[in-house]
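Undergrad: Input: one structure, supplied below.
Where a number appears in this text, it was derived from the coordinates with a stated rule and is not lab data. As the structure is a prediction and not an experimental result, all values here were calculated from the model. For neighbour counting, all protein chains shown are included, and Cβ atoms are generated from backbone atoms with ideal geometry for every residue, glycine included.
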Amino acid sequence: MADLLHCNYIIDGVQMTLSPERMLRECTAEPPLEPDGDAETLADETLDLSPDHFQFKESSVAAYAKAIGEKRSFPLPFAASYTAGKVAQALLDAIWMAGHFRLGDLTLKADWKWSCKQIGDAAAFYLSVESACNYMDALGVKIDRYSVCNGQPAVSFKAVTVAEEDAADEEEVQLLRELPFRTANPRISRRRKASATLLPEKSDWLIYIPFDTCDYRLGGSALAQAVGAQPSTAPDISDADYFIDCYEVVRELVEDGVVKAGATVGDGGLMTCLRKLASGGTGADVSIRNVCKAHGEDSQVRVLFSEVPGVVLQIADIDYDYVDAELILQDVVYFPLGHPAPGRSSVRLTEAVEIPQILESLLNTLEGED
């Protein structure tokens, strides 16, 4: 596996500037490697998808949700998008934990399993590493350690806190220390601060916050794999600045105890996230009409199963105005989905949800109107 890390890559006839090893080292606090003039050259090409004629049915949401399993294979044609989503998911999985930290206090452990058995495998590995490094660099997150071993293609990330003295001394990092992205004594616990399942309070609100501004697309998704579809477009997960803004405000809400329960929108999309929240015995009545409307999206299947990074929060009704003000202050877009449904452990989609009057007035205000 060392060859995959150190090779010079030619992908689709184009010479890549850096080897995977150099890209990964530049995302750590380790000194950069000297160029290796004796490195082997590896030529490969990206996979071209066959035309896909699968039609997702809007009436089959419940069947689609049940079809998604726990295990899935790495979607090689969507290596970049899938890997960026995995980086985001690891950071979001940490947001629920007890302790005192911010996004800038976290580092990631990165692990790849890979084997090159056919055309496209090596190119997918390179694009996966490149996507991870580019996205982490934009987020200001470093790699704590990384590994590559033999096996079926897979990638995983785990977030941990970084000690203050371990950070690099670049001028940019020093600037970040002075901003509210880092804390003086960061610490993270593996004990959750917010419940992983819904609490049985029907007056509480379920709030959905997407952490990226990309479109909802199903390429590379767990749903596409489950039903044997091959959509040609995946979410373009790249808006790191917006992710940082979202992370800052949601982490504060979690740490302050405002968030009663929460879950990460990752593998399987929003619907899978809601089903996990409902797995503790309290279900939910939700509507995604406002999400579809805001994104100009006519397919609820794409909104429910596209793997755009995000979170779903349960908050008390009395805290709604406070949360609304905090999110608006940070220019973070959010959507009230509905309420927990005590006594029922399923997720039920409804046509509409009654939203607080202050938010309704904002949604119905015409552009340019005072």
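Undergrad: Looking at this model, which pairs from K142/K276; K86/K293; K202/K260; K202/K276 are more than 21 angstrom apart at the alpha-carbon?
TA: K142/K276; K86/K293
Undergrad: Can you give the FRET efficiency to the nearest 0.05 for F54 and S346, using r as the Cβ-Cβ distance and R₀ = 41 Å?
TA: Working from the Cβ atoms, E equals 0.95.
Undergrad: Count the DSSP beta bridges whose two residues both fall in the chain, then state the antiparallel fraction as a percent rounded to the nearest 5.
TA: 65 percent
Undergrad: Could you give the spread of the C-alpha atoms of the range 1-157 along their three principal axes, from largest to smallest, in whole angstroms?
TA: 57, 47, 25
Undergrad: With the crude spin-label approximation of a point 7 Å out along Cα→Cβ, what separation in nm comes out for A29 versus D137?
TA: Distance between the two pseudo-spin positions: 2.0 nm.
Undergrad: Okay, moving on. In debye, nearest 20, what is the charge dipole magnitude of the chain about its Cα centre with +1 on Lys and Arg Cβ and -1 on Asp and Glu Cβ, if you could check?
TA: 2140 debye
Undergrad: Considering the options A229, T46, L18, tell which one lies farthest towards the positive end of the dipole of the chain, charges being +1 on Lys and Arg and -1 on Asp and Glu at the Cβ, about the Cα centre.
TA: Result: A229.
Undergrad: Stokes-Einstein D for the range 193-370 at 4 °C, 1.567 mPa s, Kirkwood Rh over Cα pairs, in µm²/s?
TA: D = 78 µm²/s.
Undergrad: Of L274, L49, L91, which is the most mobile in a GNM of the chain whose springs link Cα atoms less than 10 angstrom apart?
TA: The residue with the greatest mean-square fluctuation here is L49.
Undergrad: Something else about it: Can you tell me the dipole magnitude for the range 193-370 around its Cα centre, using point charges on the Cβ only (Lys, Arg +1; Asp, Glu -1), in Debye to the nearest 20?
TA: I would put it at about 1180 debye.
Undergrad: While we're here: Suppose a student asked you for the relative contact order of the chain, using Cα pairs under 8 Å spaced at least 6 residues apart; what percent would you report?
TA: Value for the chain: 20 percent.
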